[in-house]
Amino acid sequence: MTSYTLRNASPAKTKADVVIVGVTTGDKAPTAAAGGEDVSAAYARRFRPLLASIGFTGKAGETAKVPTSGAINAPVLVLVGLGDAKKLTPAVVRRAAGSAARSVSNAASVALALPADTPELIRAVTEGFLLGGYTFTDYKRDTRPESEKSSEIVVLSPIARQSEASAAFERAQLFVEALVNTRQWVNLPANDLNPPTFAEQVVAQHKELTKGKGAPKIGIQVWDENDLADDGCGGILAVGGGSATPPRMVKLTWDPAGATHHVALVGKGITYDSGGYTIKPAASMVSMKEDMAGAASVIQALFLIAKLNLPVKVTAWAPMAENMISGNAMRPGDILTMRGGTTVEMTNADAEGRLILADALVMAAEEKPDSIIDIATLTGAMVVALGEKVGGLMGTDDVVTDLMAAADVAGEAVWHMPLPDEMHERVRSSKVADLAQSDWVRWGGGLFAGAFLREFTDGLQWGHLDIAGPGYNTGGPHGHTPSGGTGFGVATLVEYVEGLTEAG
Ligand code: BES
Ligand code: MN
Ligand code: ZN
């Protein structure tokens, strides 16, 4: 078990295995950042020479581990670069705390002496450190026993005694839990996470969260393949048809007394995307266990919203299917009838996400929520447009504005993409059905997908977040982002819902 404490104390005098101090590049020479002044004072004139001797410049992301030889109480000092002192934002501190976490993996107790003199910075330090230390080791035989991991984490802050500070500290831990749960699901391989086992795990987590007195009340409903057929979900059934593990849909409902807004969250839950008969090139298939990141995000976002007791009604819809090949798989050229009766000419079995989302969006829209937000690892085209670290956002103006603001608070990078009229025409270009699922034109593929989804939102307020890039990190860890599942989007969704309570 790990204990977390927020305390106002001197980092130089704190007894811990490791003390973490930030360093900014400074005007002339690198300097200890806010929170770490006391450590540099304890070193007196030896601090700058120490930095110089190891070539530490303070640029963002730089880390160094140095023995203190009695200069301060802790035996080891971890230095982490924060870059330019004038550009010190919570996002910079969050990333730095994440980098620092990876250099203290064998310490039993850690004290963080990073800039933490506002609630926002306390949140950034805590989230960054806890998220940066995450690794997915469930399948490793030599996993380090839990007892060897840091068991005492102390965040030092001059405002530790203030209620806003402890609230920010608690809140950060809840956000971390939601992101870590999301990452765990995304990282589970598809041989262990398929639509039925995914749905079972949601049911199990729901049961755990809602048991006991005072626990949040959250409704849950699971559709199996027969229920989906009864309800006319032709998109989910077609996509899941080729798999030995049948599709599911999970709905969660948080409906607190006095709620004035209703937000529906819809997340893509493809537990594996082989591309179906439009099979993917071998190398592109390898990471496709990630294709349920949207579903994992909306479920964990709803759980977190309930834990935070936010006074907004929220429903989360998670359509789940595995996109495979067999005699029962959908064939390019098939005409599908979606929930609500719209027909779709399916021409690309690898554009499966929009098909399962369509049914779920229609179901969500039937309840006439005030807004619908969908989140999906939807298109490679969005990764081409924005790179691997930025999510693509589309939708109606007000929702886009609110989501951009929420992403900013959450520290997640999203960019507003257009839905030009041309896309509307392309989506309507099928000669044989109401809509074309794809037109095999590569240009603007992410926008086509957005325009296709819009057709199923019944003209309601709507936002669409394509996280094909940032939802999964195929490279090495950086900042608070690990390899594999990232949890990207969860914090933005929760901040969006919370923002509605402030708007009144
Ligand atoms: N799951 C993929 C999108 C994806 C690509 C996610 C890379 C994460 C990383 C999606 O189902 C897909 O295959 N999209 C196609 C759409 C196309 C066929 C219209 C794509 O991006 O090529
Ligand atoms: Mn696909
Ligand atoms: Zn996919």
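Details
- Diffusion coefficient, µm² s⁻¹, Stokes-Einstein with Kirkwood Rh over alpha-carbon pairs of region 408-499 at 25 °C and 0.890 mPa s: 159
- The chain, helix-only ellipticity at 222 nm - DSSP H runs n ≥ 4, -39,500 (n - 2.57), divided by all residues, nearest 500: -11000 deg cm²/dmol
- Taking the square roots of 5 times each eigenvalue of the Cα gyration tensor of region 239-386, largest first, gives ellipsoid semi-axes of 29, 17, 13 Å.
- Extension gain from A29 to S3, taking 0.36 nm per residue of separation minus the Cα-Cα distance: 5.7 nm
- Overall, the accessible surface of region 85-227 at a probe of 1.4 angstrom is composed of carbon and sulfur to the extent of 51 percent.
- Kirkwood Rh in Å, taken over all unlike Cα pairs in region 3-157: 15.3
- Using distinct alpha-carbon pairs, which all enter the 1/r mean, Kirkwood radius of region 286-344 in Å: 14.8
- Normalised per residue, the accessible area of the chain is 41 Å², obtained with a 1.4 Å probe and no contribution from ligands, DNA or RNA.
- Note on region 175-503: lysine pairs with Cα distance below 19 Å, sequence gap of 8 or more or different chains, count 19.
- Debye intensity ratio in log₁₀ form over the Cα atoms of region 148-300, taken at each q of 0.17 Å⁻¹: -1.11
- Amide hydrogen neighbours beyond the local backbone of Y272, cut-off 5 Å, H modeled: N323
- Spread of Cα-to-Cα distances over 5 Å intervals beginning at zero, given as percent, for region 58-102: 5, 23, 26, 17, 16, 10, 2
- Calculated diffusion of region 341-476, Stokes-Einstein form, Kirkwood radius summed over Cα pairs, 37 °C and 0.692 mPa s, µm²/s: 216
- Rel. contact order, % - alpha carbon contacts under 8 angstrom, at least six apart, region 350-504: 36
- Across region 271-279, rounded Karplus estimates of 3J(HN,Hα) from the backbone phi angles (6.51 cos²θ - 1.76 cosθ + 1.60, θ = phi - 60°) give 6, 7, 10, 7, x, x, 5, 8, 4 Hz, Gly and Pro being marked x.
- Sequence-distant residues sharing a close amide H with V266 (under 5 Å, placed H): W317, I373, D374, I375
- Span-like helix ranges in the chain, DSSP H, alpha carbon extent 15 angstrom or more, Kyte mean at least -1.0: 90-101, 119-132, 163-187, 195-210, 293-307, 353-366, 397-410, 490-503
- Close amide-amide hydrogen proximity is noted between S151 and S109, each under 5 Å apart and 5 or more residues distant or on a separate chain (H modeled in the peptide plane; Pro and chain starts excluded).
- Average projection area in nm² (convex hull over Cα atoms of the chain, one quarter of hull surface): 24.4
- For the chain, relative contact order (Cα pairs under 8 Å, six or more residues apart, normalised by length) works out to 15 percent.
- On the beta carbon distance between D434 and D231, with R0 = 25 Å, the FRET formula returns roughly 0.85.
- Percent RCO, i.e. relative contact order, over region 1-135, from Cα pairs under 8 Å lying at least 6 residues apart: 30
- Considered as an equivalent ellipsoid built on the Cα gyration tensor, region 136-218 has semi-axes of 30, 21, 11 Å, the largest given first.
The values are calculated or read from the model by the stated rules, or taken from the named source; none is laboratory data. Quick caveat, the model's predicted, so the values are computed rather than measured. Neighbour counts run over all protein chains shown; Cβ positions are idealised from the backbone, glycine included. Ligands, DNA and RNA are excluded from the accessible area calculation, which covers all protein heavy atoms including side chains. Shrake-Rupley method; radii C 1.70, N 1.55, O 1.52, S 1.80 Å.
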